[in-house]
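First comes the structure, then the notes that go with it.
We did not get these values from a lab; they are worked out from the coordinates using the rules stated. The model shown is predicted, which means the values in this text are computed figures rather than measured ones. Cβ sites come from the backbone with ideal geometry, for glycine too, and all protein chains shown count toward neighbours.
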Amino acid sequence: MSKTLIASFAQKLLVWHQAHGREGLPWQGIKDPYAVWISEIMLQQTQVATVLERYPRFMARFPTVKQLALAPIDAVLAEWAGLGYYSRARNLHACAKQVMEQFSGTFPSDPRLLESLKGIGRSTAGAIAAFAFHERAPILDANVKRVLARLFAIEGAIEEKKVNDLLWGLAQELLPTDSERMPVYTQALMDFGATWCTSRKPVCLSDAYVCTFAKQCQANLSNQVLMLPQKKVKAKSPEFDADLLLMRHQNAVLLQRRPEKAIWGGLWSLPESPWRAKANKVDQEIQGHFFSPEEILKLTLPNENAELGHKDYQQVILGERIKHVFTHRRLWMQIWHMNSAKAVQFTDENLRWVSLHQLGQYGLPQPIKLLLQGLNPVRDDE
DNA sequence: AAGCCGGGGAG
DNA sequence: CTCCCAGGCTT
C-alpha cells in the first residue's frame, strides 16, 4: 500500500471537504448522541432526500431517548411507516429501552459498548462514537467501501470476509491523528463518496472537476474506476402471488398485525393468503375469477372463518391488482373487497377493525397505505 | 458465507 | 428495466 497516501489522506480529504462538502443537512454538526443515533439508523440504506423530510418529524415526535423508550411500539412503527426495513424501528425501540435500563439513559461513548446495543453494528457504532464523542473509530458504509476499494484498487468481492477485513484495516489506518477532527473527517468521508466518488458517475470520469486523489487513486491510474468495488452477482428475485382481503364495515377496515419475522414485520396490513410461486398467464386468468367468498375467507383468515359467519357478508368483488417490488422479491397482490354487515369481535388480538380516519396511528406497508388512502369514507349521516 | 429485510431515486 | 443505497441480524 502507498504509505504516502495513507499518511496524507485525512488532511487532503479535509481540504476537499472545506471546498466541496455537503451543507445544510439537519443532522450535520449535531453532538447529542440520541439525535446522531436516530439519523444514523434512519439513513441506513435510505436516501438523503427521504430522510430529509422524515428525520425532523421523528425527532419532534420522540425528542428524547426516554420518550422513545416509553412509547408503544405501534407509535414507533407508525412514525417509521414508509421508510422500509422495519426491523430498524423495532430495534430502535428496543435499543432505547436498553439505553434507559443498562446505561441510565445516557449513550456510552465506547464503540464496543455502542455495538452491544440493538440495531447498532460496527459501522453505525463508529459513526455515533465519532460524531457525538470524537472517538477515533472508523466507519465502513457503502461510501467508504467504494472510496477505499478504488483508492487502493482492491480486488475481490466486498462481501468476502477477507476483503471486508482489509477495508476495515485501511479505514482504521486512515483516521486523522487528532481525535478532535473525527466528526468533520467522518462527515467528509461520506460526503466524498456520496457526491464525488459515486458508483456510476464518479467525478474522475467527467470533466467538471479534477479529483483531489486523481494522481494517487490506483483505480483511476489503471482505468478501473467503474469496475471497483467488485460485487457478487445476485440471483434474480423470485415472483409471488398473494390474495388480500379488504373487509369493510361502514367506516372501518379489518387489519391484521404481521408476524415480526416476516416482511413488513410488526406492521398492520390486510389479512393475506400465503404467498405462492407466481402462476403463468393462463392460470392467472383461471384463478382470478373463480374464488367464492368462502374461498377468499378461507385463504386469508383460515382460523377466523367461523367467527366471520357466512351471513355477515354479502359478496366478494375482484379489486386492485398491485405489483410490489422488494430487493429480493416481486409480489403481485390481488385485493378482494367484501362488506361485513356487522363488526365481528375477534378473539385474536392481531385482528382489529380500524376506522379509516385512524389509519395514521398504524404502521402500514407503503402499498397498503396508498391503497387504503384511496378508499372513500362513508359519511356519518348516511 | 449466504439469505433476509423496503422503498425510492438514478441511469 | 437494473442498480444503488449513512447495514445489521439470523441461519
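Could you give the semi-axes, largest first, of the ellipsoid that matches the range A:56-107, computed as the square roots of 5 times the alpha carbon gyration tensor eigenvalues and rounded to whole Å? Walk me through the numbers before you get to the answer.
Working: eigenvalues 69, 28, 15 Å².
The answer is 19, 12, 9 Å, longest axis first.
Set Lys and Arg Cβ to +1 and Asp and Glu Cβ to -1, take the dipole of chain A about its Cα centre, and tell me which of A:Leu372, A:Trp268, A:Ala153 lies farthest positive.
So the residue we want is A:Ala153.
For A:Glu260, A:Glu304, A:Glu79, what ranking results if the residue with the fewest other Cβ atoms within 10 Å of its Cβ goes first?
Ranking A:Glu260, A:Glu304, A:Glu79 by Cβ neighbours within 10 Å, fewest first, gives A:Glu260, A:Glu304, A:Glu79.
Roughly how many whole Å is it from the C-alpha centroid of the range A:167-204 to that of the range A:98-156?
Measuring centre to centre over Cα atoms gives 14 Å.
Test of understanding: what is the full-extension gain from A:Thr327 to A:Arg54, defined as 0.36 nm times their sequence separation minus their Cα-Cα distance?
Gain on stretching A:Thr327 to A:Arg54: 96.1 nm.
Using bins 10 angstrom wide from zero, how does P(r) for chain A break down, in % of all Cα pairs?
4, 20, 24, 21, 16, 10, 4, 0, 0
What percent of all Cα-Cα pairs in the range A:144-294 falls in each 10 Å bin, counting up from 0?
In order of increasing distance, the bins hold 9, 24, 19, 14, 18, 14, 4, 0 percent.
Of A:Ser87, A:Pro202, A:Gly121, which is farthest towards the positive pole of chain A's charge dipole, taken about the Cα centre with +1 and -1 on the beta-carbons of Lys, Arg and Asp, Glu respectively?
A:Pro202
Just to confirm my numbers, what's the Cα centroid distance between the range A:8-26 and the range A:260-275 in Å?
The range A:8-26 and the range A:260-275 have Cα centres spaced 43 Å from each other.
Report the convex hull volume per residue for the range A:3-227, counting only C-alpha atoms, in Å³.
Enclosed volume per residue, from the Cα hull, is 124 Å³.
Based on the Cβ-Cβ distance of A:Ala262 and A:Gln18, what FRET efficiency does E = 1/(1 + (r/R0)^6) give at R0 = 41 Å, to the nearest 0.05?
0.30
Between A:Tyr85 and A:Glu294, what FRET efficiency comes out of the Förster formula 1/(1 + (r/R0)^6) with R0 = 35 Å and r the beta carbon distance, rounded to 0.05? Present the calculation step by step, with values, prior to reporting the outcome.
Details: r = 37 Å, r/R0 = 1.06.
In this case the efficiency is close to 0.40.
If you take every DSSP beta bridge whose two residues both sit in chain A, what share of them, in percent to the nearest 5, is antiparallel?
Here the antiparallel bridges make up roughly 70 percent for chain A.
By a straight-distance test (C-alpha under 21 Å), which lysines pair with A:Lys298 as possible cross-link partners, with residues fewer than eight away in the same chain excluded?
A:Lys278, A:Lys311, A:Lys342
For the range A:239-373, would you read off the P(r) tail past 21 Å as a percentage of all alpha carbon pairs?
Everything past 21 Å amounts to 39 percent.
Lysines within cross-link reach of A:Lys118: Cα-Cα under 30 Å, excluding same-chain residues under 8 positions apart?
Once the sequence-local lysines are set aside, what remains near A:Lys118 is A:Lys31, A:Lys66, A:Lys97, A:Lys145, A:Lys161, A:Lys162, A:Lys231, A:Lys232, A:Lys234, A:Lys261, A:Lys369.
Just want to confirm a number: the relative contact order over chain A, from Cα pairs under 8 angstrom separated by 6+ residues, in percent.
16 percent
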